[in-house]
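Some notes on the structure that comes next.
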Amino acid sequence: MIASMLLMAPIAFAKNVQIWDVNIGVLYVSAISSISVIGILMAGWSSNNKYSLLGAMRSGAQIVSYELSAGLSILSIIILTGSLRISDIIHSQETGWWIFRGHIPALISLVIFIIAVTAETNRAPFDLAEAESELTAGFHTEYSGMKFALFFLSEYVNIFIVCAIGATLFFGGWMPFHIGGLTGFNHVMDFIPSSVWFFGKTFS
């Protein structure tokens, strides 16, 4: 849960609404997200249950293996922007989001990113690590009450964060929909609050 909450620090929720605008924002997110694997492995092992241990091993292996694909898909946006800072990536999309301006490389990266983060967050069809039929829900089998709730809360916080990162990298984050050269259209788009743009992109 702590690892999941730490990931919220560099994310820009709206214009000038960011906890920590670190110059290695994207690298920070990749590094901290891989720490949660340790929590999963410890949870499965300390349960003293072979099914929990198997679930933890499968979940850990899945997260680590797809981490590389997600990291490589992010690289194309970093190359296009020339910066790891989240605010720089957002401001670079002032004349158009990277999904439109990045052409084929950005489109391929987005598809890879969506598949990789779906697997990382153990969503269907990559939910075999928590398969109820054979592992009885995986690494959190022996947990109940608040401990069980924290596992699920961290899982859903992670889902929100990967959606927020995807929206920031490919769809401009809080940046309104701007088209280079159309000043009147861009001015109209600026009337919609930046937080509405960010959360609209993240939840869709």
When segment 1-28 is examined, which residues are found to be under 18 Å from residue 91 (Cβ atoms) and either buried (at least 20 other Cβ atoms within 10 Å of the Cβ) or among the polar types (S, T, N, Q) (or both)? 10, 11, 12, 16, 18, 23, 25, 26
Name the residues in segment 87-102 that are hydrophobic (A, V, I, L, M, F, W, C) and buried (at least 20 other Cβ atoms within 10 Å of the Cβ), would you? 89, 90, 97, 98
Residue tally, condition in a helix (DSSP H, G or I), open to solvent by less than 50 Å² (accessible area, probe 1.4 Å) and either hydrophobic (A, V, I, L, M, F, W, C) or at pLDDT 90 or above (or both), over segment 120-135: 2
Checking 30, 59 in turn, the sole residue that is among the small types (Gly, Ala, Ser), modelled with pLDDT under 85 and in a helix (DSSP H, G or I) turns out to be 59
Filter result (over 22 Å from residue 203 (Cα atoms) and either touching a residue at least 40 places away in the same chain (Cβ under 8 Å) or buried (at least 17 other Cβ atoms within 10 Å of the Cβ) (or both)) within segment 29-40: 32, 36, 37, 39, 40
Within segment 103-119, is even one residue open to solvent by 50 Å² or more (accessible area, probe 1.4 Å) and either among the small types (Gly, Ala, Ser) or not in a helix (DSSP H, G or I) (or both)? no
Here the residues within segment 62-86 that are without any contact (Cβ under 8 Å) to a residue 60 or more places away in the chain, among the aliphatic types (A, V, I, L, M) and either open to solvent by 50 Å² or more (accessible area, probe 1.4 Å) or assigned to a loop (DSSP other than H, G, I, E, B) (or both) are 64, 68, 72, 75, 79, 80
Verdict on residue 38 being of a type in the set (A, V, I, L, M, F, W, C), in a helix (DSSP H, G or I), modelled with pLDDT of 85 or more and closer than 29 Å to residue 182 by Cα: no
Has segment 38-61 got at least one residue that is of a type in the set (Phe, Trp, Tyr) and more than 22 Å from residue 151 (Cβ to Cβ)? no
Take the residues of segment 156-176 that are without any contact (Cβ under 8 Å) to a residue 40 or more places away in the chain and more than 30 Å from residue 95 (Cβ to Cβ): which is least open to solvent (accessible area, probe 1.4 Å)? 159
Inside segment 41-56, can you point out the residues that are part of a helix (DSSP H, G or I) and either among the hydroxyl-bearing types (Ser, Thr, Tyr) or open to solvent by 30 Å² or more (accessible area, probe 1.4 Å) (or both)? 41, 42, 45, 46, 50, 51, 52, 53, 54
Tally the residues that are out of contact with any Ser or Thr (no Cβ under 9 Å at 6 or more places or on another chain) and open to solvent by less than 50 Å² (accessible area, probe 1.4 Å), restricting the search to segment 187-201. 5
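The values are calculated or read from the model by the stated rules, or taken from the named source; none is laboratory data. Note that the coordinates shown come from a computational prediction; the quantities given were computed from them, not determined experimentally. Backbone-built Cβ (ideal geometry, glycine too); neighbour counts: all protein chains shown. Accessible surface is based on the protein model in full, side chains and every heavy atom, while ligands, DNA and RNA are left aside. Shrake-Rupley method; radii C 1.70, N 1.55, O 1.52, S 1.80 Å.
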